[in-house]
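Inspection log for the structure reproduced underneath, given as structure tokens.
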Amino acid sequence: MDSGTGSSADHIRDASLPGCARNGSKASRSLVAVAQTRRSTKCVRGSEAPRLDEAPGPQHRPWADLPPDILGVVAGRLALLEDRARLRSVCRGWRAAARIHRRLPPCPPLLVLSDFSFFSFRSEGTLMGACRRVPLPGRETAGSGNVRCVGSFEGCLVGVKNNKSRYFGDLRCFLMNAFSQVVIRLPSPSCRSGAARSADTLRTSLPIIINGSGVVNCAINAAPCVMSFSKVILSSSPDSGSKCVVAALSNIKSAAKLALWRSGMKSWCVCDGAWTADLIDIVFCQGKLFMLSFSKVTTDLLALEIADDNSGLMVSRVAFCAIERPEVSDGCWKNIWGIVEWRGKLLIVQICHGNDEFGESFVEVKVFEADLSRNPVRLTEIESLDGDCIFMSPSSSKSFRCHYGGGGGEGDLIYIFLGPSRLVYNMKDGTMAPFAADIPEDKLREADGKPMNPVWLFPSE
């Protein structure tokens, strides 16, 4: 990643002090104090000045000679990715010493906006680094149309390039490691008539079972197809090859589609049907792909099992799961639902909106664990994540353990980013507070006023 005014944190150098010592964190200041106490083995008592004819005492020890065990402890107390990068960039000795703690606590996520500008997230809910942007490969940005970020997995971002507007569909789709800039190009989300030969087309229709009705239509190499992705998720790291399944949610003028891809496929497996009309969210959990459908009348889950053969990915089974809606508080006029995987369990987050004297506001946030062994699915409200946190946005949602050495990072919080609305909900006491208020509003909307959904990026070390 780069900066609008300089190079990335991994390239910061200083002739006198290491980069992490200038950061201002407690761990960095303690490192400076340790270094100062080790600069000399001889001290001058009181105001006595050294004699000029005395043999010179031991010189100040260079930064590279700081004991590796001390540097390893410091590295384990640096939560922010930037601080860890600054420490590693001082010299080879420091880089090697940082590896003493091979299992460092995970870094807080980065918030990547639709235009690939990003902010560093601190445990107290503040953001920093407003002018930095993830560098994009020239091939993906060439030509007209905007490139926007629509998903993430660990250190990988998902980008698409739209054709004039989203209603014309996306022209390109790619996965990119945000730190190494390694790119994996995926098939175009949209293809025109004649782009695929009828002999190559594979179609199937599957009935929706278990108290469901209707069918799921799936097609590979079918033309024409127009999709504009709003959320893209991965089942595993792209490095896992064909084991990595990419699932994308497309929604153009309320005509939702689900698209599936794995390495080796030349086109997407596109799934649609009447059930997609109210499709709002997708997540991988327990080896299946779950899709959340929400309307004014019902809230439903679809559980998809995905098979793989020589032709590529194809849905092999679809089960319908109705959800018993919980009651909402008085004054709530709009419900927003989302799904997230947490320690192998499926959680459903309900966000209620209402009106107050200042206009629209959040009324309450509830978290439910879904009992998938029942149909209808039974929801049990939970009041703790056992110290974990949830980060949510329309383009990415993830549970995350927010504990760092040295006391930073409070757990049982839900960070919610819905367009211009940003809040953090404390599950322990039920309170809400704003966060990320320093992001300019124009960074959250496109030229036509449509909201741009950010993505949470979770670096892996």
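The values are calculated or read from the model by the stated rules, or taken from the named source; none is laboratory data. In this text, all values refer to a predicted model and were calculated from it rather than measured experimentally. Reconstructed Cβ throughout: ideal geometry from the backbone, glycine too, with neighbour counts over all protein chains shown. Please note that ligands, DNA and RNA were not included when accessible areas were found on the heavy atoms of the full protein model with its side chains. Shrake-Rupley method; radii C 1.70, N 1.55, O 1.52, S 1.80 Å.
So here's what we get for this one:
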{"item": "Flag if ARG139 is open to solvent by 40 Å² or more (accessible area, probe 1.4 Å), at pLDDT below 75 and either aromatic (Phe, Trp, Tyr) or not in a strand (DSSP E or B) (or both)", "result": "no"}
{"item": "Criterion (among the polar types (S, T, N, Q) and either modelled with pLDDT under 85 or closer than 22 Å to SER399 by Cα (or both)) met by exactly one of SER293, SER263, SER228", "result": "SER293"}
{"item": "For LEU234: the one exception among (1) loosely packed, with under 15 Cβ neighbours inside 10 Å; (2) at pLDDT 90 or above", "result": "(1)"}
{"item": "Filter result for CYS244 (within 20 Å of VAL182 (Cα to Cα) and not small (Gly, Ala, Ser))", "result": "yes"}
{"item": "Residues that are open to solvent by less than 60 Å² (accessible area, probe 1.4 Å), within 23 Å of THR380 (Cα to Cα) and in contact (Cβ under 8 Å) with a residue 40 or more places away in the chain, drawn from the range 305-331", "result": "ALA319, PHE320, CYS321, ALA322, ILE323, PRO326"}
{"item": "Count of the range 233-273 residues which are among the acidic types (Asp, Glu) and over 24 Å from the mean Cα position of the chain (by Cα)", "result": "1"}
{"item": "Hits in the range 286-303 (condition: part of a strand (DSSP E or B), free of Cβ contacts under 8 Å to residues at least 60 places away in the same chain and open to solvent by less than 60 Å² (accessible area, probe 1.4 Å))", "result": "LEU289, PHE290, MET291, LEU292, SER293, PHE294, THR299, ASP300"}
{"item": "Positions within the range 333-363 being assigned to a loop (DSSP other than H, G, I, E, B) and at pLDDT below 85, in sequence order", "result": "GLU357, PHE358"}
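Each row is one residue, and each column tells you yes or no for (1) at pLDDT below 85; (2) open to solvent by 30 Å² or more (accessible area, probe 1.4 Å); (3) farther than 21 Å from LYS231 by Cα; (4) in a loop (DSSP other than H, G, I, E, B).
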{"site": "ALA130", "(1), (2), (3), (4)": "yes, yes, yes, no"}
{"site": "GLY151", "(1), (2), (3), (4)": "no, no, no, no"}
{"site": "VAL158", "(1), (2), (3), (4)": "no, no, no, no"}
{"site": "LEU175", "(1), (2), (3), (4)": "no, no, no, no"}
{"site": "ILE184", "(1), (2), (3), (4)": "no, yes, no, no"}
